[in-house]
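One structure is given below, encoded as structure tokens.
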Amino acid sequence: MNLYALVRDVKDFPKEGILFKDITTLLQDGEGLRESIDQIAAHLENVEFDSVVGPEARGFIFGVPTAYKLKKGFIPVRKPGKLPYQCVSQTYDLEYGSSTIEMHIDAIQKGQKVVIVDDLLATGGTTKAMIDLIERMGGEVVKIVFLIELEFLKGRELLKGYEIESILKY
């Protein structure tokens, strides 16, 4: 199946000059959604790990079914104030300003091996913040899988030293 054909280009979104890769068309296609999850999971079948970590919101879309398929737990990473229990946070820089992500204080155990699943690798900032948070909690990121990678933004450079797979590359 050609997953590239299911991703819609939207010009000038969210601002002029950006060509946005819209995955809602892929999500609406049952076979395309299934194929994307199957391909993500295939990259993890021979990897030894305990849990899948995914950021809101689209990391949930791909991370939860991947965890389900591989019989692993799922650990959500969210924006501040969205998780109901005590949290640890990680602040990171954006092009203009900063942002913060949080995870429950007991989500990662020392020595726990995790994989990160998300929809998009762009500049790598959010993923690097997740890695920093996981490692600060004593976890080990053993692999990262993205549905889409925007290679021209060079996000891999920020994530050097980590095993990364991308299903679709632009």
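Numbers below:
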quantity	calculated
Boolean, residue 41 is of a type in the set (A, V, I, L, M), on the phi < 0 side of the Ramachandran plot and part of a loop (DSSP other than H, G, I, E, B)	no
All strands (runs of 3 or more DSSP E) inside the stretch 61-117 with 2 or more residues being of a type outside the set (Asp, Glu) and over 15 Å from residue 133 (Cβ atoms)	73-77
Number of the exception - residue 71 against (1) among the basic types (Lys, Arg); (2) touching a helix residue (DSSP H, G or I) at 6+ places or on another chain (Cβ under 6 Å); (3) on the phi > 0 side of the Ramachandran plot	(2)
Residue within the stretch 2-9 that is open to solvent by 60 Å² or more (accessible area, probe 1.4 Å), at negative phi, part of a loop (DSSP other than H, G, I, E, B) and not polar (S, T, N, Q) present	no
Residue pairs meeting the criteria (Cβ under 7 Å; at least 6 apart or on separate chains; first closer than 19 Å to residue 63 by Cα and assigned to a helix (DSSP H, G or I), in the stretch 127-138; second modelled with pLDDT under 95 and not polar (S, T, N, Q))	128/92; 129/92
Tally, over the stretch 24-37, of residues that are open to solvent by 50 Å² or more (accessible area, probe 1.4 Å) and in contact (Cβ under 8 Å) with a residue 60 or more places away in the chain	0
Cβ pairs under 6 Å, 6+ apart, first in the stretch 159-170 and at negative phi, second surrounded by 14 or more Cβ atoms within 10 Å (Cβ to Cβ) and in a loop (DSSP other than H, G, I, E, B)	159/124; 165/43; 170/150
Within the stretch 71-126, considering residues that are open to solvent by less than 30 Å² (accessible area, probe 1.4 Å) and small (Gly, Ala, Ser), the one farthest from residue 59 (Cα to Cα)	107
Set 11, 21: member being closer than 21 Å to residue 150 by Cα, among the charged types (D, E, K, R) and touching a residue at least 24 places away in the same chain (Cβ under 8 Å)	21
Count of residues meeting criterion [open to solvent by less than 40 Å² (accessible area, probe 1.4 Å) and aromatic (Phe, Trp, Tyr)] in the stretch 38-70	2
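The values are calculated or read from the model by the stated rules, or taken from the named source; none is laboratory data. This is a predicted model, so every value here is computed, not measured. FYI the Cβ positions are ideal-geometry reconstructions off the backbone, even for glycines, and counts take in every protein chain you see. The area values use the complete protein model at the heavy-atom level, side chains included, leaving out ligands, DNA and RNA. Shrake-Rupley method; radii C 1.70, N 1.55, O 1.52, S 1.80 Å.
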